[in-house]
Amino acid sequence: MTGTPTPPRRTRILIVGSGFAGIGMAIRLRQQGIEDFVILERASDLGGTWRDNRYPGCACDVQSALYSFSFAPNPAWSRVFAPQEEIWAYLRRCAETYGIVPKIEFAQEVTQAVWDDREQHWLVTTNTQQWVTSMLIVANGPLSDPVTPALPGLDTFRGPVFHSAQWEHAVPLRDQRVAVIGTGASAIQFIPMLQPQVRSLHVFQRTAPWIVPRRDRGIPLWRRSLYRAVPALQRLVRSGIYAFRELTFAPFRRPGAARLVQWIASRHRAAHVADPALRAALTPTYTIGCKRILLSDDYYPAMSEPNVRLITSNIAQVTADGVVTADGHSHAVDVIIFGTGFRATDPPLAPHIIGRNGKTLADHWRGSPSAYMGIAVSGFPNLCFLLGPNTGLGHSSVVLMIEAQIEHILGLLALMRDQGSAALEPTPDAEARYVRWIDARLADTVWNSGGCKSWYLDSTGRNAALWPERVGRYRRMASHVRAADYRQAPVAHEHPQATAYDRATTETHLP
Ligand code: NAP
């Protein structure tokens, strides 16, 4: 924190982040009659990953009918897989419609959170302010901090360099020689957009991804009007997509189903890449699903164009005017774009969250994030995560997971109100049992045994990112709170200030 210190501001609930998770949480709090909350957002606008990722061609690879809040259907989606601008606009509209915008404090980046066990509250420090809150909800998402590899010589490069999540739209790309480093979910979306305009595109691939057909299409106006007139119809479509995507979980656990999807992906590649050498270079060498399965109809055609070069030799160094690979070739380029992903299993806030015993969350995790239900951690009272450890998905919409977690957190607040407790955290035993179960369910998935190194795996090699079952199972588990799994601390009556505060904050209308 810089500048003149101001007294801490108080709020019952502090939410960190204003993406789908933070906005969804805020809406549901308001719907439950809880108004005493604030969202802290480090940027100057809301929207999370859908605000940050503005690269050409950015779109969701989950159908929008499902990648949206169940309580806020959007009949106006223009495409089955809506583009980024529409998703961002949808989120902004939700925030406006439900009166969330005035609840957001922009340009406040959390730098530290310390639990005060005597007062039973969190003291949260941002770059400009201190906050006192009873409940801290961390909703800053696993894909919010881009990673740019520290390639030798990168600082000597003369041209522009940027990451796909920080796209520099002012940098002209037309007729330029452009290097793209990475061939993950983001890169395969922007490469087809760049190919027609650049002079040459040098795609540096470390691992070939599995790609299946996307089959995106526009939604005709008559159908949008129909959804508007008969909302039940869109709900039916959503349910159909939900059920279909639950079926697509099978390849992650069943080798037979994986072989079928691999066959579909291989036919897709063969249909679009005529050159056998290029096709071989684009062929993955691990089992499908081990890394995220990508969807695209235009990536392979773009890679087959004469102005595109696929480079599979490792990058040795960057020079003033290009990239040198381990095979000794120099690739002269004017611009370098990184599509190299995010800091997903190493949450940057973890070393700065200090719990009941003075231990940081990073100390507690020791390189491998985990949480009871992916939401709560023992020793860290009144701390909840949205999209926390092991709640990501490889087959369906994370908005479903977010909504289930929000309802669970509302259940925790209700439990605290009903039992008159000021603080709540999972017991170490419940947490350990839950994490053991997650690890056992992960053991026979392709994520652990598919022969790849994905961003799902943390520094210890454990999958700390994904939920190991269908979404339905998580929704059922999260739909009720097992009080016995939580340690609760009563309101500290010897602290009159805390008592009054906590009494006031429990007088709400929860389910
Ligand atoms: P990513 O999938 O993690 O891909 C990163 C790419 O960069 C990979 O090809 C990786 O190669 C490569 N890479 C990383 N470090 C490298 C290095 N030092 N040298 C050379 N290559 C390097 O990242 P992303 O594409 O940004 O996507 C991240 C996640 O965001 C996705 O998995 C998905 O969950 C989400 N996303 C979703 C959508 C959507 O449509 N909903 C769109 C974009 C992203 P290796 O494979 O060898 O590591």
Q. In whole Å, how far is the Cα centre of the stretch 236-287 from that of the stretch 42-109?
A. 28 Å
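Pick out the long, greasy-scoring helices in the chain: whole DSSP H runs spanning 18 Å or more along their own axis by Cα, mean Kyte-Doolittle at least 0.0.
Within the chain the helices that satisfy the rule are 231-247, 398-419.
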Q | No Cys partner within the rule (Cβ under 4.7 Å), the chain | A | C58, C60, C94, C384
Q.
Compute the distance from the alpha-carbon center of the stretch 395-458 to that of the stretch 112-138, in whole Å.
A. 23 Å
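Evaluate the charge dipole of the chain about its Cα centre and quote only its size in Debye, nearest 20, assuming +1 on the Cβ of each Lys and Arg and -1 on the Cβ of each Asp and Glu. Show your work: numbers first, answer last.
On the way: 53 positive and 43 negative charges, 330 e Å.
For this selection, approximately 1580 debye.
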Q.
Taking the Cα centre as origin and putting +1 on Lys and Arg beta-carbons and -1 on Asp and Glu beta-carbons, what dipole magnitude results for the stretch 394-444, to the nearest 20 debye?
A. 20 debye
Q: Give the range of the longest stretch in the chain that excludes all chymotrypsin sites (Phe, Trp or Tyr not before Pro) found in loop regions by DSSP and having at most 16 other beta-carbon atoms within 10 Å.
A: 107-511
Q | Separation of alpha-carbon centers, the stretch 289-363 and the stretch 149-210, rounded to whole Å | A | 10 Å
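For Y456, what is the net charge nearby, where nearby means another residue's Cβ is under 11 Å from its Cβ and Lys, Arg count +1, Asp, Glu -1? Before the final figure, lay out each step's value.
Details: positive: K291, R292, K453, R462; negative: D458.
Net charge around Y456: +3.
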**Q.** Magnitude of the charge dipole, the stretch 109-217, Cβ model with Lys/Arg +1 and Asp/Glu -1, debye to 20
**A.** 840 debye
Q.
Accessible area of the chain with a 1.4 Å probe: how many percent of it is carbon plus sulfur?
A. 54 percent
**Q.** Karplus-derived HN-Hα couplings along the stretch 39-56 (A = 6.51, B = -1.76, C = 1.60, θ = phi - 60°), whole Hz, x at Gly and Pro
**A.** 9, 9, 10, 6, 8, 9, 8, 8, x, x, 4, 7, 8, 7, 7, 10, 5, x
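When the helix-only estimate is applied to the chain (DSSP H runs of n ≥ 4, each -39,500 (n - 2.57), divided by the residue count), what is the mean residue ellipticity at 222 nm, nearest 500 deg cm²/dmol?
On the way: 15 runs with 159 residues, N = 511.
Calculated at 222 nm, the ellipticity per residue is -9500 deg cm²/dmol.
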Q: Choose one of L415, V446, A432: the residue whose Cα lies farthest towards the positive end of the charge dipole of the stretch 412-458 (beta-carbon charges +1 Lys, Arg; -1 Asp, Glu; about the Cα centre).
A: V446
Q. Which Cα, out of Q317, W365, G328, lies furthest along the positive dipole direction of the stretch 287-367 (beta carbon charges, K/R +1, D/E -1)?
A. W365
Q: At 0.36 nm per residue, minus the direct Cα-Cα distance, what do A243 and T283 gain on full extension? Give it in nm, one decimal, please.
A: 11.4 nm
Q.
Kirkwood hydrodynamic radius, computed over distinct alpha-carbon pairs, for the chain: how many Å, to one decimal?
A. 24.3 Å
Q. Roughly how many Å² is the accessible area per residue of the chain, as a whole number, for a 1.4 Å probe?
A. 42 Å²
(Q) As I understand it, the dipole of the chain uses +1 on the Cβ of Lys and Arg and -1 on the Cβ of Asp and Glu, about the Cα centre. Which of N74, A250, I406 lies farthest toward its positive end? (A) A250
Q: Under 14 Å from the Cβ of D429, count the other residues' Cβ atoms, weight Lys and Arg +1, Asp and Glu -1, and hand me the total.
A: +1
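The values are calculated or read from the model by the stated rules, or taken from the named source; none is laboratory data. No experiment lies behind these values; they were computed from the predicted model shown. Reconstructed Cβ throughout: ideal geometry from the backbone, glycine too, with neighbour counts over all protein chains shown. To get the accessible areas, we keep the full protein, side chains included, count just its heavy atoms, and leave off ligands, DNA and RNA. Shrake-Rupley method; radii C 1.70, N 1.55, O 1.52, S 1.80 Å.
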